[in-house]
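Each value in this text was obtained by applying a stated rule to the coordinates, not by laboratory testing. The structure displayed is predicted, hence computed values, not measured ones. We place every Cβ from the backbone using ideal geometry, glycine too, and count neighbours over all the protein chains shown.
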Amino acid sequence: MFNVRSFAAALALLVCLPAAHAQVTKLRFQGAFPTSSLFFENSKYFADRVKAMSGGRLQIEMLPPGAVVPPFEVLDAVHKGVIDGGHTAPAYWLGKNRAATLFGPAPGGPFGMDMLDYMGWLYEGGGLALYREFYQKELKRNVVPVPMTAVNNQILGWFKRPLKNWADFKGRKCRQTGITAEVFSKAGMNPVNIPGGEIVPAGERGVIECAEFVGPAEDMKIGFHTVWKYVYMPSMHETATVVELLINGKVWNKLPEDQKAIIQSASLDATLRSQLIMNKLNAEALTELRTKHGVKIERTPEDILVNTLKAWDQIAKEEAAKNPFFRKVLESQRSYASKVVPARLSIVPPYELGARYYWSK
């Protein structure tokens, strides 16, 4: 005799079988940022979103920096398949090709772009194709870059003693990475390039007397305020920075299209979320730094902001003259910015106008 309940139960079991027996892909990514940082927390959030969106079919384990290789070796480790992917920063690869600085950590945006403009260039202006070309053809690394985690707007940095003007950088040993080190070298700074997790220990030992990393919340989280008591903001040296996921090319190509789409969607989700969280945490951090830790929060002198852009323009012009790929990317960014930035300048009221009207005190 036909039993409706038995049939329904059997049908439900059949429907569930594909999910229950779906192949699970497990990947190992390594971070390049301190485990106490918001960077690392955001990479864990990304991994959680990937797992949830894929129904558990794609699982990414985010390893801490140094778990497999040092932070500055993540790119080559991903290329060789030592790890499946990494969460790192284009600025770390400046020594391989100086065009690396144009994929996030470029002064002034560049050309006045903020993070939304920069992401617009990537996704709507041909930037992602150039990003892949940079790694796969210029660096000859079999990796797929995916933008992930906003880092703007970076503050100028933390200092042992007050900073008066551009010329006052002369002789100071400061932690800087990428092209920023060269920008401030124009003022006579002695830059020291070290990964994020080594900044505070270097400051404690007196190896450096000043440093930049991200901003109030992120920097406080890893202990900058325990070493330096003067912090200057804002800055023009990294106004639109987004760091990256690097995924081994063979691993990427083996993923089904839906899982590639999940990674791309989760990375956009995590990037926007990182900026939203950063805005709130920075506000809380500024209050805590002032009231609890006695940090002196100072306004960056205007001549430093302007000279940062002037120094960068000089460096970019010289590099474009001798590096064809650098010129290719820079011209693409200039073309996109020439349309979008002036339009936004006309359409969007200055943030400062409303902010000062309500909060000038």
For this session: Considering only segment 193-220, state which residues are farther than 24 Å from Leu94 by Cα and crowded, with 20+ Cβ neighbours inside 10 Å.
Result: Pro216, Ala217, Met220
Exercise. Looking only at segment 110-154, which residues are among the small types (Gly, Ala, Ser) and under 21 Å from Met236 (Cβ atoms)?
Worked result: Gly112, Gly120, Gly127, Ala150
For this session: Considering only segment 272-361, give the helices (runs of 4 or more DSSP H) lying wholly within it that have at least 2 residues that are small (Gly, Ala, Ser), out of contact with any strand residue (DSSP E or B) (no Cβ under 8 Å at 6 or more places or on another chain) and over 18 Å from Pro234 (Cα atoms).
Result: 302-322, 324-347
Exercise. Between a first residue in segment 218-238 that is under 25 Å from Met115 (Cβ atoms) and a second residue that is of a type in the set (S, T, N, Q) and surrounded by 24 or more Cβ atoms within 10 Å (Cβ to Cβ), which pairs have beta carbons less than 8 Å apart while being 6 or more apart in sequence or on different chains?
Worked result: Ser235/Thr308; Met236/Thr308; His237/Thr180; His237/Thr308; Glu238/Thr180
Exercise. Taking segment 269-297 on its own, how many of its residues are touching a residue at least 60 places away in the same chain (Cβ under 8 Å) and within 23 Å of the chain's Cα centre (by Cα)?
Worked result: 14
Exercise. Taking segment 20-51 as the region of interest, how many residues are surrounded by fewer than 17 Cβ atoms within 10 Å (Cβ to Cβ), closer than 30 Å to Gly196 by Cα and hydrophobic (A, V, I, L, M, F, W, C)?
Worked result: 0
For this session: Would you mind stating whether Glu138 is in contact with a Phe, Trp or Tyr (Cβ under 7 Å, 6 or more places away or on another chain), farther than 30 Å from Pro216 by Cα and surrounded by fewer than 20 Cβ atoms within 10 Å (Cβ to Cβ)?
Result: yes
Exercise. Regarding Lys137, is this residue in a loop (DSSP other than H, G, I, E, B) and basic (Lys, Arg)?
Worked result: no
